[in-house]
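Below is one structure, written out as structure tokens; the observations come after it.
The values are calculated or read from the model by the stated rules, or taken from the named source; none is laboratory data. Here the structure is a predicted model, which means the values were calculated and not measured. Every residue, glycine as well, gets a Cβ built from its backbone with ideal geometry; the counts of neighbours run over all protein chains shown.
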Ligand code: BYC
């Protein structure tokens, strides 16, 4: 079944919302609250219109439509990927059974928890990025920021739909709470650590879209495997939008690195701040920070939660169907790193309890591709410096390395050494000040701020100098 989105409804959707008046009314009651949240905590910079991609149907060809619209007129809607004929559960104790169209009573609490955690991150990122519009390095980048923001808003809708449609009164209450918690709030913070960190500048934004959105890609990938079919279909559609966010992060860091390398070459120095560029050491420290806080988002190396999710069929592994094992892992073991007596040692544990580690390993490989890409740019520009991912034990607050002092190179040290060296490893107040001082807005079509190279291409075949945003 491919239903084109019904745009005559107040809430565009391909779930035939009209046939369920109760659900429709509940979501229509939530809609003004969402709009109020967007007004209060969405982008601060008000543009006249923005060249946006809007989902109009969930089938392969017709799902994206481009046009200039005011941000608040973006039609946030509910889209699920097509239902697969006779989809079967691919892992866990219910393997081989038909996928569930309803929530089994015994897994209600766990599923709801997963949806709430996922849903909580989406508005959080919009809140974190709300002030960035004022310092956009180009109209092209400003448009990309807004595109990411509206899509994170839509991803919130995706989770709220599932909460409303399948979790009754409790689900509706949880949907309310998603608009009550706020990023960085003392009283009601967002659930996961990285979503309470401020995104102060555009280097942080590109690092966030590279590293933290990439956690989103992997978590959505595991939920797309879920036995609960509406969740699987929801995540499959979200992953298509997520690809754009990955592109923004990857090419954003590409362009910063390229500009930095150009300035280093031109002026024959690492100290390019006075020439308007971001020094490579600052880029490395931002990378260290965003990578390490994103690693925390995967949960502990050992977790009974994740073992239960997998066995129940709620959350699979990355590309579950490509794994050449029994998809149940009852007797399987695997090795994880832990800190024992000030040393990193490998420990053999049941594979089921190490599934956060399994996903994090997939994530590492993906992240590493970006670093190689950035190093190729440095190499092509004739620069000797190289970027690298810090050790997975570095700067961790969750899991086996929480509380340990691990250097970016992977040596376990003590709190004094850490305190002395932290400024060389993580962004300092001076780094933030420097990067902040470079964040002067450029709102002329086709022009770029001095600290970033232009993109290779524009959006949807448009030239780079296209007027992507009318202010
Ligand atoms: N901060 O058993 P453990 C995205 C909690 S990003 C604070 O080791 P588990 C996006 C944990 O909840 C993807 N608390 O972990 C990106 C648990 O609490 P309870 C978001 C944390 O449960 C950019 C306790 O510590 N989606 O989409 O195996 C822009 C013990 O945890 C943290 C998901 O995460 C933390 N970092 O795995 C926009 C998918 N880590 O239950 C969007 C849904 C752990 O004891 N969530 N805790 O009270 C999950 O799959 C899992 O909940 C987690 C944790 C992977 C997050």
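Among the residues of the range 318-328, are any closer than 25 Å to residue 208 by Cα, crowded, with 19+ Cβ neighbours inside 10 Å, away from the ligand (no atom under 12 Å from the Cβ) and under 22 Å from the mean Cα position of the chain (by Cα)? So that I can check it myself, show each step before the final result.
First pass over the range 318-328, keeping only residues closer than 25 Å to residue 208 by Cα: 318-319.
From what's left, crowded, with 19+ Cβ neighbours inside 10 Å: 318.
Pick out the ones that are also away from the ligand (no atom under 12 Å from the Cβ) and you get 318.
When the remaining residues are screened for being under 22 Å from the mean Cα position of the chain (by Cα), the result is 318.
Checked against the condition, which is being closer than 25 Å to residue 208 by Cα, crowded, with 19+ Cβ neighbours inside 10 Å, away from the ligand (no atom under 12 Å from the Cβ) and under 22 Å from the mean Cα position of the chain (by Cα), the range 318-328 yields at least one hit.
Given the options 255, 233, name the one that is at pLDDT 95 or above, away from the ligand (no atom under 16 Å from the Cβ) and within 17 Å of residue 119 (Cα to Cα).
Values: 255 fails: within 17 Å of residue 119 (Cα to Cα).
Exactly one of 255, 233 is at pLDDT 95 or above, away from the ligand (no atom under 16 Å from the Cβ) and within 17 Å of residue 119 (Cα to Cα), namely 233.
Here is a list: 358, 368. Which entry is outside any loop (DSSP other than H, G, I, E, B), within 16 Å of the ligand (Cβ to nearest atom) and out of contact with any helix residue (DSSP H, G or I) (no Cβ under 7 Å at 6 or more places or on another chain)?
Checking each option against the conditions leaves just 358.
Tell me which of these residue 318 doesn't satisfy, since it passes every other one: (1) in contact (Cβ under 8 Å) with a residue 24 or more places away in the chain; (2) on the phi > 0 side of the Ramachandran plot.
(2)
If you go through the range 184-210 one residue at a time, how many are crowded, with 22+ Cβ neighbours inside 10 Å, more than 24 Å from residue 437 (Cβ to Cβ) and modelled with pLDDT of 95 or more?
Residues meeting the conditions: 2.
What are the residues in the range 186-203 that are in contact with a helix residue (DSSP H, G or I) (Cβ under 7 Å, 6 or more places away or on another chain), touching a residue at least 24 places away in the same chain (Cβ under 8 Å) and under 20 Å from residue 120 (Cβ atoms), if any?
First, pick out the residues of the range 186-203 that are in contact with a helix residue (DSSP H, G or I) (Cβ under 7 Å, 6 or more places away or on another chain): 188-195, 197-203.
With touching a residue at least 24 places away in the same chain (Cβ under 8 Å) added as a condition, the list becomes 190-195, 197-203.
Matches in the range 186-203: 190, 191, 192, 193, 194, 195, 197, 198, 199.
Which residue, of 165, 158, is away from the ligand (no atom under 16 Å from the Cβ) and over 20 Å from residue 305 (Cβ atoms)?
165
Looking at 234, 199, which is the one that is within 20 Å of the chain's Cα centre (by Cα) and in a helix (DSSP H, G or I)? Step through it out loud before you land on a result.
Working: 199 fails: in a helix (DSSP H, G or I).
After ruling out the rest, the residue left standing is 234.
Write out, first by first residue and then by second, each pair whose Cβ atoms fall under 8 Å of each other, whose residues are 6+ apart or on separate chains, and whose first residue, in the range 83-106, is in a loop (DSSP other than H, G, I, E, B) while the second is surrounded by fewer than 12 Cβ atoms within 10 Å (Cβ to Cβ).
From the range 83-106, the pairs are 83/1; 89/96; 90/321.
Is it the case that some residue within the range 277-292 is over 27 Å from residue 392 (Cα atoms) and over 15 Å from the mean Cα position of the chain (by Cα)?
Yes, there is a match, as at least one residue in the range 277-292 is over 27 Å from residue 392 (Cα atoms) and over 15 Å from the mean Cα position of the chain (by Cα).
Looking only at the range 125-143, count every residue that is in a helix (DSSP H, G or I) and either away from the ligand (no atom under 14 Å from the Cβ) or touching a strand residue (DSSP E or B) at 6+ places or on another chain (Cβ under 8 Å) (or both) and tell me the total.
8
Which of the residues belonging to the range 264-273 are in a helix (DSSP H, G or I), surrounded by fewer than 23 Cβ atoms within 10 Å (Cβ to Cβ) and touching a helix residue (DSSP H, G or I) at 6+ places or on another chain (Cβ under 9 Å)?
Narrowing the range 264-273 to residues in a helix (DSSP H, G or I): 264-267, 273.
Narrowing further to those that are surrounded by fewer than 23 Cβ atoms within 10 Å (Cβ to Cβ): 265-267, 273.
Scanning the range 264-273 gives 266, 267, 273.
Could you please let me know if residue 110 is at negative phi and either in contact with a strand residue (DSSP E or B) (Cβ under 9 Å, 6 or more places away or on another chain) or modelled with pLDDT of 95 or more (or both)?
On the way: at negative phi: yes; either in contact with a strand residue (DSSP E or B) (Cβ under 9 Å, 6 or more places away or on another chain) or modelled with pLDDT of 95 or more (or both): yes.
For residue 110, the condition - at negative phi and either in contact with a strand residue (DSSP E or B) (Cβ under 9 Å, 6 or more places away or on another chain) or modelled with pLDDT of 95 or more (or both) - is met.
So residue 469 ticks every box in (1) over 26 Å from residue 273 (Cβ atoms); (2) touching a residue at least 40 places away in the same chain (Cβ under 8 Å); (3) exposed (fewer than 14 other Cβ atoms within 10 Å of the Cβ) but one. Which box is left unticked?
Going through the list (1) over 26 Å from residue 273 (Cβ atoms); (2) touching a residue at least 40 places away in the same chain (Cβ under 8 Å); (3) exposed (fewer than 14 other Cβ atoms within 10 Å of the Cβ), residue 469 breaks only (3).
Out of 416, 444, which single residue is touching a helix residue (DSSP H, G or I) at 6+ places or on another chain (Cβ under 8 Å), farther than 22 Å from residue 210 by Cα and surrounded by fewer than 13 Cβ atoms within 10 Å (Cβ to Cβ)? Full working, then the answer.
Numbers: 416 fails: touching a helix residue (DSSP H, G or I) at 6+ places or on another chain (Cβ under 8 Å).
Among 416, 444, only 444 is touching a helix residue (DSSP H, G or I) at 6+ places or on another chain (Cβ under 8 Å), farther than 22 Å from residue 210 by Cα and surrounded by fewer than 13 Cβ atoms within 10 Å (Cβ to Cβ).
Suppose we filter the range 329-346 for residues that are in a strand (DSSP E or B) and surrounded by 15 or more Cβ atoms within 10 Å (Cβ to Cβ); how many remain?
The first filter runs over the range 329-346 and keeps only residues in a strand (DSSP E or B), leaving 333-340, 343-346.
Still in the running and surrounded by 15 or more Cβ atoms within 10 Å (Cβ to Cβ): 334, 336-339, 344.
Qualifying residue count, the range 329-346: 6.
Sort out which residues of the range 398-412 are out of contact with any helix residue (DSSP H, G or I) (no Cβ under 8 Å at 6 or more places or on another chain) and outside any loop (DSSP other than H, G, I, E, B), and write them in order of number.
Keep residues of the range 398-412 that are out of contact with any helix residue (DSSP H, G or I) (no Cβ under 8 Å at 6 or more places or on another chain), which gives 400-404, 406, 409-412.
Listed by number, the residues that qualify are 406, 412.
Is there a residue in the range 279-295 that is within 30 Å of residue 358 (Cβ to Cβ), within 16 Å of the ligand (Cβ to nearest atom) and part of a loop (DSSP other than H, G, I, E, B)?
no
Which pairs have Cβ atoms under 9 Å, sit 6 or more apart or on different chains, and link a residue in the range 148-162 that is at pLDDT below 95 to one that is assigned to a helix (DSSP H, G or I) and more than 9 Å from the ligand (Cβ to nearest atom)?
As it stands, the answer is none, since no pair meets every condition given.
Of all the residues that make up the range 429-440, how many are within 15 Å of residue 142 (Cα to Cα) and crowded, with 17+ Cβ neighbours inside 10 Å?
Going through the range 429-440 one residue at a time, the tally reaches 1.
Filter the range 104-124 for residues that are surrounded by 21 or more Cβ atoms within 10 Å (Cβ to Cβ) and either near the ligand (Cβ under 8 Å from one of its atoms) or closer than 19 Å to residue 169 by Cα (or both) and give the result. Please lay out each step first, then the result.
Narrowing the range 104-124 to residues surrounded by 21 or more Cβ atoms within 10 Å (Cβ to Cβ): 111, 114-115, 118-124.
Result: 111, 114, 115, 118, 119, 120, 121, 122, 124.
Checking residue 49 against (1) under 16 Å from residue 145 (Cα atoms); (2) touching a residue at least 60 places away in the same chain (Cβ under 8 Å); (3) in contact with a helix residue (DSSP H, G or I) (Cβ under 7 Å, 6 or more places away or on another chain): exactly one of these is not met. Which one?
Unmet for residue 49, out of (1) under 16 Å from residue 145 (Cα atoms); (2) touching a residue at least 60 places away in the same chain (Cβ under 8 Å); (3) in contact with a helix residue (DSSP H, G or I) (Cβ under 7 Å, 6 or more places away or on another chain): (3).
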